[in-house]
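In what follows, a structure is listed as structure tokens, so that the remarks can point back to it.
The values are calculated or read from the model by the stated rules, or taken from the named source; none is laboratory data. The structure presented is a predicted model; accordingly, all values stated were derived computationally and were not measured. Positions of Cβ are generated from backbone atoms using ideal geometry, with glycine treated the same way; all protein chains shown enter the neighbour counts.
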Ligand code: GCW
């Protein structure tokens, strides 16, 4: 079958041992349960070349699936076992009834059954299904959501996998088969929500015409448990509705949103809600009328409330000013803590600046004590080499989720703050900007699929390790042979750190080429341009040193963190060296922990990034026997580009910074070409 990557991790290549589920027992029906059966059939077809049989009585088969309303299920699983499963959780249990073994997949809901089926199939494919299986799972977050930055003209902001999947001009009449394939892939990893359009939102998305297009997608997604949300433009009442303004306290504006919400829910009864980017990067918002983010968010929240809709209000705000960009979101949002409606959640990018290869976590996490907060990650690699570079992002996601904010004392990780463990909130959610497009392989780079996969898996369970996730993804996507799995896993696990090393090590950030953010441009300057969009704003290189002084004597961004972090970050000798130049302006001659001076260390880091990409190439060349030619060659060419780009980054950055440091590049690293 197709070796073009179109099947993602749902290839179902026959495993070593196949559990016999040729007959599946199910005594209920629903569109979602039909999808569960369909999935089992796809897998069985692929494993055995035959269709599965279905039966209503438990004697027939060795796989029983159903909800807590099914007689087959309640006869073997006690009702109290369902108490803790919530809506999406499930049980997968081997049950011995009258000497007959059967695996039962049970949940409170049909979508939970579908998730359980995907889990069961994952176990088979990764050779992990054991005879004594007894699994109880439920997701850590209620809402596990993708954010598409897709425009209505089908271009995708920061998209590197072709045009948008959504063919707006054909909708609602023509339905691409990829809509269902997309929903299925998401369901397979537990993603249950999606924002279809760019946060730089066109007001047009709320027109009647587009709402009917959205409805067509929602109808396809529904059986897979995937709920639709929309990004809205705060000026919609004015731009679309023809009102004189969009002031959130204007009665006409309030009525416009109330009517719009009513219209949306009459078309899409289970619509999820709005995602809003307001007063950010030139977009309109409540501040245009002297109102606050809370005024704006609450007005929308009130309109959605009768239908159980929610507002995800982004905290990605900054303006050219004398205040350090890294501090601005905190300064704007902290005074509003406690003022938001309970169906508002604040969506915060993982770092305080913008999806850099490495940032410390945003200090807003944990700081807003009375407001639900959610993380926004970026799966699409705007700052990590687009779809040209292999960068496995689970380690980046985990670095944020596992960070201790100390907000409620030691152990207040971002995961525990946002998943409701430490602060029970009505809403828990986690978002990521999608890397999906029209490309045959969905994500541009075969390995970029692993980042979509990893986000879904971590949104379900942030306790999984990057290694576990890589392991299962490789086995399902490429090969189960250890000769392939182990070396490729090593590449994946090292890849993000390699990108950090060859792009911006030691806490350097935002020295990207202006606008497109692909290559290096630490020298970049646009006369008259926004200073906070210029690389020198971030690196501050001069004859003495390099870095951004965010200590108490600098911008004092460190003060936004809880103790003991603020003291640690404030003290260059205690600050983690991988964030040193983020928090400190450091002399070229500064002694690092390993005894090297800062300049030399910088050279070694850039060089190490380059050498790692070379070793990825070497390893990959040995993988040829294990996989198909097409994907082998695709990845090989991409690794070549990555390695060339790494050299470009190293040479550009070192030669540029050398004009300030005036020091030699150590002789044992690869000399600039
Ligand atoms: O990272 C920046 C991107 C913009 C993006 C913005 C945001 C959607 O360069 O393209 O706009 O962040 O997250 O709003």
Report task. Kindly indicate whether residue 165 is within 16 Å of the ligand (Cβ to nearest atom) and in contact with a strand residue (DSSP E or B) (Cβ under 9 Å, 6 or more places away or on another chain). Result -> no
Query raised in the report: For region 174-184, which residues satisfy the criterion of being without any contact (Cβ under 8 Å) to a residue 24 or more places away in the chain and in a loop (DSSP other than H, G, I, E, B)?
Result: 174, 176
Query raised in the report: What tally of residues in region 235-263 results from selecting those that are assigned to a helix (DSSP H, G or I) and farther than 14 Å from residue 301 by Cβ?
Result: 12
Query raised in the report: Among (1) under 18 Å from the mean Cα position of the chain (by Cα); (2) surrounded by 19 or more Cβ atoms within 10 Å (Cβ to Cβ), where does residue 477 come up short?
Result: (1)
Query - Test for residue 372: is it more than 16 Å from the ligand (Cβ to nearest atom), in contact (Cβ under 8 Å) with a residue 60 or more places away in the chain and more than 17 Å from the chain's Cα centre (by Cα) - result: no
Report task. Just give me the residues in region 195-232 being outside any helix (DSSP H, G or I) and within 16 Å of the ligand (Cβ to nearest atom), in sequence order. Result -> 195, 196, 197, 198, 199, 200, 201, 202, 229, 230, 231, 232
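For every residue, the table says whether it meets (1) at pLDDT 95 or above; (2) more than 16 Å from the ligand (Cβ to nearest atom); (3) under 25 Å from the mean Cα position of the chain (by Cα); (4) within 20 Å of residue 146 (Cα to Cα).
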site: 247; (1), (2), (3), (4): yes, yes, no, no
site: 256; (1), (2), (3), (4): yes, yes, no, no
site: 261; (1), (2), (3), (4): yes, yes, no, no
site: 271; (1), (2), (3), (4): yes, yes, yes, yes
site: 274; (1), (2), (3), (4): yes, no, yes, yes
site: 279; (1), (2), (3), (4): yes, no, yes, no
site: 295; (1), (2), (3), (4): yes, yes, no, no
site: 303; (1), (2), (3), (4): yes, yes, no, no
site: 308; (1), (2), (3), (4): yes, yes, yes, yes
Query raised in the report: Quick one: residue 153 ticks every box in (1) surrounded by fewer than 18 Cβ atoms within 10 Å (Cβ to Cβ); (2) within 16 Å of the ligand (Cβ to nearest atom); (3) within 20 Å of the chain's Cα centre (by Cα) bar one, so which box is it?
Result: (3)
**Report entry** Evaluation of residue 35 against (1) assigned to a helix (DSSP H, G or I); (2) in contact with a helix residue (DSSP H, G or I) (Cβ under 6 Å, 6 or more places away or on another chain); (3) within 14 Å of residue 136 (Cα to Cα) (one fails), failing number
**Finding:** (3)
Report task. Tell me, yes or no, whether region 168-191 has at least one residue that is out of contact with any helix residue (DSSP H, G or I) (no Cβ under 7 Å at 6 or more places or on another chain), more than 25 Å from residue 62 (Cβ to Cβ) and within 16 Å of the ligand (Cβ to nearest atom). Result -> no
Query raised in the report: Looking only at residues in region 320-349 that are touching a residue at least 60 places away in the same chain (Cβ under 8 Å) and within 16 Å of the ligand (Cβ to nearest atom), which one is farthest from residue 561 (Cα to Cα)?
Result: 320
Requested in this report: With respect to residue 385, determine if the residue is part of a loop (DSSP other than H, G, I, E, B), closer than 26 Å to residue 168 by Cα and within 16 Å of the ligand (Cβ to nearest atom).
Outcome: no
Query raised in the report: Is it the case that some residue within region 417-434 is within 16 Å of the ligand (Cβ to nearest atom), in a loop (DSSP other than H, G, I, E, B), out of contact with any helix residue (DSSP H, G or I) (no Cβ under 6 Å at 6 or more places or on another chain) and farther than 24 Å from residue 558 by Cβ?
Result: yes
Report summary line: Sole miss for residue 437 among (1) touching a residue at least 24 places away in the same chain (Cβ under 8 Å); (2) more than 16 Å from the ligand (Cβ to nearest atom); (3) over 28 Å from residue 538 (Cβ atoms) is condition (2)
